[in-house]
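Notes follow the structure.
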Amino acid sequence: MDMVNWMVAQPTTPVSARNALQAATWMYEVEAFRDLEDKYLIAGTYANTLQHHRVVLSDLISQGEAIVSTTRTSGLPESFEAFKLEDMEATFESLHTTFRHEHGPKNSEKTNALIARLFDGPKS
């Protein structure tokens, strides 16, 4: 990461190349995050990680917001083939979806009971 930061900070590095470096690093971090989610789910320890999960997920969303926004404006190098802006946008949206699902507002017990009655129908 230090090398990426150094290269991005160089005034001679073209903006599109900076975007590619930052985007590739971010996409790799998201992949590593998803791998850890899977590991914790398989191990049955996912619920124990939710507080840390929220912090890391929020950080990835924040980074992604900046990187996707800059890439929309300045683009990626024409020769860059690892992924496209649309892939970054989909990844960014998947992080938002995960956040809403895992850490967003939850229904009250009363609301859940009403929903259950609505979909379960009358018991015979």
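Figures for the structure shown
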quantity: FRET efficiency estimate (nearest 0.05) - Cβ-Cβ, Ala82 to Ala32, R0 25 angstrom; calculated: 0.95
quantity: Separation of the Val15 and Thr45 label points, Cα + 7 Å toward Cβ, nm; calculated: 4.5 nm
quantity: Lys, Arg +1 and Asp, Glu -1 on Cβ, resulting dipole of segment 2-120 about Cα centre, debye, nearest 20; calculated: 420 debye
quantity: Relative packing of 24-30, 8-14, which averages over residues the other C-beta atoms within 10 Å, highest first; calculated: 24-30, 8-14
quantity: Principal-axis tilt of helix 15-43 within the chain, Cα atoms, nearest 10 degrees; calculated: 30 degrees
quantity: Cα Rg over Rh - segment 2-120, Kirkwood; calculated: 1.12
quantity: Pairwise centroid distance, computed over Cα atoms, of segment 75-93 with segment 1-63, Å; calculated: 15 Å
quantity: Hypothetical label at Ser74: residues of segment 9-29 whose amide nitrogen lies under 19 Å (7 Å Cα-Cβ projection); calculated: 9-28
quantity: Inter-probe distance in nm under a simple model that places probes 7 Å from Cα toward Cβ, at Glu65 and Val4; calculated: 1.9 nm
quantity: Residue-averaged [θ]222 nm for the chain, counting only DSSP H segments that reach four residues, each worth -39500 (n - 2.57); calculated: -25500 deg cm²/dmol
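A short reminder: the numbers here are calculations on the coordinates, not readings from a lab. Computed from a predicted model, the values in this text were never measured in an experiment. Reconstructed Cβ throughout: ideal geometry from the backbone, glycine too, with neighbour counts over all protein chains shown.
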